[in-house]
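The values are calculated or read from the model by the stated rules, or taken from the named source; none is laboratory data. Worth saying up front: this structure is predicted, and the values here are computed from it rather than measured. Because the Cβ atoms are built from the backbone with ideal geometry, glycine has one as well, and the counts that use them run over all protein chains shown. These accessible areas exclude ligands, DNA and RNA; they are computed on the full protein's heavy atoms, side chains included. Shrake-Rupley method; radii C 1.70, N 1.55, O 1.52, S 1.80 Å.
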Amino acid sequence: MRRLLCLAALLLVGHSLKAQYDAAFTNYWALQSYFNPASSGIEGKLDVQGVYSMQLVGFEHAPSTILATADMPLFFIGPRHGVGLGFMSDNIGLFSNKKLYLQYAYHQPLWGGRLSIGARVGFLNETFDGSGVDVEDTGDPAFATSEVSGTSVDVDAGLRYTYKQKWYAGFSTMHLTAPTIKLGDDKENETSVSRLYYLTGGYTQRFRSPQYALYTTAILRTDFVAWRADITARLAYDSEKLHLYAGLSYSPTVSVALLLGTVFNGIKIGYSYEVYTSGVGLASGTHEFVVGYEMDMDLFKKGKNLHKSVRIL
């Protein structure tokens, strides 16, 4: 709902527009390299994934988001280096936001775990379809009457500490330079993108039976004007050939979500349905689909892997 309110505000304000670019994914825990570039290559695997989110189903001009990411370690340089790339397309009513980026991370052993630092450089593209705006005064320069677009450089950065496979904590900033995108040939309209700050963390609880584990994760994002927090718990079953999980996620004052997924032969498939607690109705939630593939990239490791990672995405 906050994103729709943001859209309404954008349509009412001319010349200078201000918006939060980042979509809030229910499967945020599966997209660690997107929310924090310091996570690039941290698992020692090639990790390729795609996400499709259909938000507020049933509403006209409802938001929809596509995200594709890939990250991997650079073992031919050393296990402390990781790289990644990604593309996001976010459509909200008459607005279309796109981002293409490259990122790098350095991992340093510290206190029995690893301290990681990462940076990302990309391009933001904002498009506004002014032909869809219905206003009385069509000559008002505050409103474009045709499709206009603009592009700007965007920079993100992050830190992360990982303690073995037990827990992790991270901090990242998106849109570090707070870019301003000027739209159209005449540059009469512009979009100002606010910095967004993320705190992330996770803890893994093992049981006596090694096939079961409980994964708890959390994320907090804010621009110091608005905020959103998500807390997620997933119970996972892991065997030699198959991994299954089911879980719940809760975002205070926003939503509750159900998550299901599986991993087999390196192929990852996940689904979640988010129900908003603001009264929009059970059927007008968000469907989110996650697909991906992971492959061990440490080709120089001695011996064979005796057990598989239970990390999903």
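Here are the numbers for the structure shown:
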read-out: Hey, TYR245 aromatic (Phe, Trp, Tyr), surrounded by fewer than 19 Cβ atoms within 10 Å (Cβ to Cβ) and in a strand (DSSP E or B) or not; value: no
read-out: Residue list for region 67-90, filter: touching a Lys or Arg at 6+ places or on another chain (Cβ under 6 Å) and open to solvent by 10 Å² or more (accessible area, probe 1.4 Å); value: SER89
read-out: Selection from region 253-278 of residues that are open to solvent by 40 Å² or more (accessible area, probe 1.4 Å) and outside any strand (DSSP E or B); value: THR253, ASN265, THR277, SER278
read-out: Qualifying residues in region 287-308 (those that are closer than 20 Å to VAL51 by Cβ and either in a loop (DSSP other than H, G, I, E, B) or modelled with pLDDT of 95 or more (or both)) - the one farthest from the chain's Cα centre (by Cα); value: TYR293
read-out: Which numbered condition THR217 misses (of (1) β-branched (Val, Ile, Thr); (2) touching a Gly at 6+ places or on another chain (Cβ under 6 Å); (3) farther than 21 Å from ILE269 by Cα); value: (3)
read-out: Region 50-63, residues that are open to solvent by 30 Å² or more (accessible area, probe 1.4 Å) and under 17 Å from the mean Cα position of the chain (by Cα); value: TYR52, MET54
read-out: When residues of region 91-116 are limited to those that are surrounded by fewer than 20 Cβ atoms within 10 Å (Cβ to Cβ) and under 14 Å from the mean Cα position of the chain (by Cα), the one modelled with the lowest pLDDT; value: LYS98
read-out: Residue match in region 175-195 (condition: within 16 Å of the chain's Cα centre (by Cα) and under 30 Å from ILE269 (Cβ atoms)); value: no
read-out: Residues located in region 238-273, provided they are hydroxyl-bearing (Ser, Thr, Tyr) and either on the phi > 0 side of the Ramachandran plot or within 19 Å of the chain's Cα centre (by Cα) (or both); value: SER249, TYR250, SER251, THR253, SER255, TYR271, SER272, TYR273
read-out: Unique match (being at pLDDT below 95 and closer than 23 Å to THR191 by Cα) among PHE123, PHE128, PHE87; value: PHE128
read-out: Qualifying positions in region 205-234 - open to solvent by 90 Å² or more (accessible area, probe 1.4 Å) and closer than 17 Å to GLU274 by Cβ; value: ILE231
read-out: Index of the failed condition, TYR237 passing every other in (1) open to solvent by 80 Å² or more (accessible area, probe 1.4 Å); (2) of a type in the set (Phe, Trp, Tyr); (3) farther than 26 Å from GLY84 by Cα; value: (1)
read-out: Some residue of region 18-36 being more than 27 Å from ILE231 (Cβ to Cβ), open to solvent by less than 10 Å² (accessible area, probe 1.4 Å), at pLDDT below 95 and assigned to a strand (DSSP E or B); value: no
